[in-house]
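A short worksheet on the structure shown next.
The values are calculated or read from the model by the stated rules, or taken from the named source; none is laboratory data. Worth saying up front: this structure is predicted, and the values here are computed from it rather than measured. Note that each Cβ is placed from the backbone with ideal geometry, even for glycine, and that neighbours are counted across all protein chains shown. Areas reflect the complete protein model, heavy atoms only, side chains present, ligands, DNA and RNA absent. Shrake-Rupley method; radii C 1.70, N 1.55, O 1.52, S 1.80 Å.
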Amino acid sequence: MAVLLLMAVVAVAYAMAGLLVIGGTVDRFRSAASGAPADQVDGTVALLHASAVVSAVLSLLAGVLLAGLAVGVGGGRAGARVTVWVVSGLGAFCGCAGLALFVGQRSVPLRLGAQDQTNGELFGLIADAYPSWWIPLGGGLSIGQTLGYLVVAALLALPAANVWFRRRSTPAAPPGPPPAPYQPASILPPYS
């Protein structure tokens, strides 16, 4: 439950940080791309804004989902346990895919045709426009996300988790009037 809550907090913090960083990134990008055609710069800025908003929305949704699953796991709900396993599998896959994309972008040079040369130069300026700590933060969070999901799935597979999810609480007595007092048999009227 604690790992899920930590991951939820990090997801929400990453969403807010992404929205806070985008303004300065766009300003640095515009100043670096001052010699490029204005329509291409505006299109790239629109792409930056759209990707920041989509990333923030997805991070917020992930944070809400993880917080809800943490509450379900804490309550011992078996359905939450199964859902966490499914989400952990998808999350670990997405974390690995994000890390592979990050490494691929850094190691494989972008090759463009002559007409796309300006777009290629503009996309090259995007990485430089972000703060120096932003890209390593994204890579580190992809690794942390993958490890977090694997840890959560492993913890839910432990025998102690089986006991936690199989425990049954005793049902509470239904509300109603108190039971009638006990009357010994000698007080009862004789049979006729």
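From the list 58, 4, 48, the lone residue that is open to solvent by 50 Å² or more (accessible area, probe 1.4 Å) and not aromatic (Phe, Trp, Tyr) is 58. For residue 35, state whether it is out of contact with any Lys or Arg (no Cβ under 9 Å at 6 or more places or on another chain) and either of a type in the set (Ser, Thr, Tyr) or assigned to a helix (DSSP H, G or I) (or both). So residue 35 does not fit the description; no.
If the condition is being assigned to a helix (DSSP H, G or I) and either surrounded by fewer than 18 Cβ atoms within 10 Å (Cβ to Cβ) or without any contact (Cβ under 8 Å) to a residue 40 or more places away in the chain (or both), then segment 66-75 contributes 67, 68, 71, 72, 74.
The rows are residues; the columns are (1) farther than 29 Å from residue 79 by Cβ; (2) at pLDDT 85 or above; (3) among the hydroxyl-bearing types (Ser, Thr, Tyr); (4) crowded, with 17+ Cβ neighbours inside 10 Å.
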| site | (1), (2), (3), (4) |
| --- | --- |
| 89 | no, yes, no, no |
| 98 | no, no, no, yes |
| 104 | yes, no, no, no |
| 107 | yes, no, yes, no |
| 123 | yes, no, no, no |
| 128 | yes, no, no, no |
| 139 | yes, no, no, no |
| 163 | no, no, no, no |
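Of the residues that sit in segment 7-24 and are of a type outside the set (Val, Ile, Thr), over 12 Å from the mean Cα position of the chain (by Cα) and open to solvent by less than 60 Å² (accessible area, probe 1.4 Å), which one is nearest to residue 54 (Cα to Cα)? Going through the qualifying residues, I end up with 18. Name the single residue that is modelled with the highest pLDDT among those in segment 109-121 being open to solvent by 80 Å² or more (accessible area, probe 1.4 Å) and of a type in the set (S, T, N, Q). Per the criteria, the residue is 117.
Here are 32, 78, 38: which of them is without any contact (Cβ under 8 Å) to a residue 12 or more places away in the chain, hydrophobic (A, V, I, L, M, F, W, C) and open to solvent by 40 Å² or more (accessible area, probe 1.4 Å)? Being without any contact (Cβ under 8 Å) to a residue 12 or more places away in the chain, hydrophobic (A, V, I, L, M, F, W, C) and open to solvent by 40 Å² or more (accessible area, probe 1.4 Å) holds for just one of 32, 78, 38, which is 38.
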